[in-house]
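Colleague: Questions regarding the structure given below will be posed in turn.
Any read-out appearing in this document is the output of simple, stated calculations on the displayed coordinates, not a laboratory observation. The shown structure was predicted, so the numbers you read here are calculated from the model rather than taken from an experiment. Here the Cβ positions follow ideal geometry from the backbone for every residue, glycine too, while neighbour counts run over all protein chains shown.
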Amino acid sequence: MAWKLSYDELVEALRPGTAAELQRCRPLLAELYPGYTRENDPWNIWRAIHVGDEFPRVPMVDLSKRHRRSIKQALEKGLSVPPEVLKEYQIQPSTPGVKTAETWGRAGSGILFYCPDDATILLLMRSDEVLDPGLWGIPGGALKGTEDIYEDEDLDEEEKFEEGDLWNSACEETTEEIGFPPPGTRTGASTSNYGNFAYTTFLVEVGIMEKTEMSKKITLNWENDDFRWFPVVNPPSGLHPGVRDALARLSPKPRRKEI
């Protein structure tokens, strides 16, 4: 079966026995396990990827999750999976062509920049290298330390994350995406739930001078292709639904003009 073959191949690829096999599996390790660092590397994964002189001890629980996901993908394609396998993994048969809900990270956060002086918001055009390409979104992403693909049922709706951690993660993501730490003043936050996944949008206000400086300095990374400031009352038609929801919740107001 396709699902079984892919899992067996994955296990074999990530259990190198020779230096040559280790070299071949390094790109796959980098793709599957992006969250490990030099300081946080209990399985020798970071060292196997970046140095190549240690064999990784791949966490099998992660492979089990991937195996479970491959079974679901097979069901979505209309392929047959033995009932005993479905029972073992506690998977309910799905309707062919209907995808299961998946998220990147256990939670997410981002920054919505707003200039009250001219009532505009900063939006970034998402590239083809990320989810929801071609839509106008905001800088942000998965909560740092949780970067992986999760099925909605794997998430605990009762799990709570500290606002400080969400803010710090949003600042890191923003720095990666626009090229510098976020300026301005944080004035609000809104959390939207999508199944068991929660995304927190922080509203950050910048003055007209800060806006001008930002526009000069922005250097987009691979995640976005373009940036523009749009009137908050007239956002683009290709607005990401999550941003639309955040705008409705945060209701940014223009600065009052002195008489």
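Colleague: When a footprinting reagent is the concern and you count Cβ atoms within 10 Å, what order do MET125, MET209 take, fewest first? Working shown, then result.
Modeller: Values: MET125 17, MET209 10.
Fewest to most other Cβ atoms nearby, the residues stand as MET209, MET125.
Colleague: Sticking with this one: Given H placed 1.01 Å from N in the peptide plane, which residues other than close sequence neighbours of LEU239 have an amide H under 5 Å from its amide H?
Modeller: Residues meeting the amide H criterion: TRP136.
Colleague: Hey, another quick one. Among bridges DSSP assigns within the range 104-250, what percent are antiparallel (round to 5)? Could the numbers behind the result be given before it?
Modeller: Working: 24 of 32 bridges.
Roughly 75 percent of the DSSP beta bridges within the range 104-250 come out antiparallel.
Colleague: Return SER237, SER109 ranked ascending by Cβ neighbour count within 10 Å, so the fewest neighbours appear first. Could you put the intermediate results ahead of the total?
Modeller: Numbers: SER237 5, SER109 29.
With the fewest neighbours first, SER237, SER109 line up as SER237, SER109.
Colleague: For ILE49, ILE149, what's the fewest-to-most ordering of other Cβ within 10 Å of each Cβ? Working shown, then result.
Modeller: Numbers: ILE49 21, ILE149 14.
Exposure proxy ranking, most exposed first: ILE149, ILE49.
Colleague: With an 8 Å cut-off on Cα pairs and a minimum separation of 6 or more residues, tell me the relative contact order of the range 112-167 in percent.
Modeller: After rounding, I find 21 percent.
Colleague: Determine, for each peptide in 185-191, 135-141, 17-23, the mean count of other beta carbons within 10 angstrom over its residues, then list the peptides with the highest first.
Modeller: In decreasing order of mean packing, 185-191, 135-141, 17-23 become 135-141, 185-191, 17-23.
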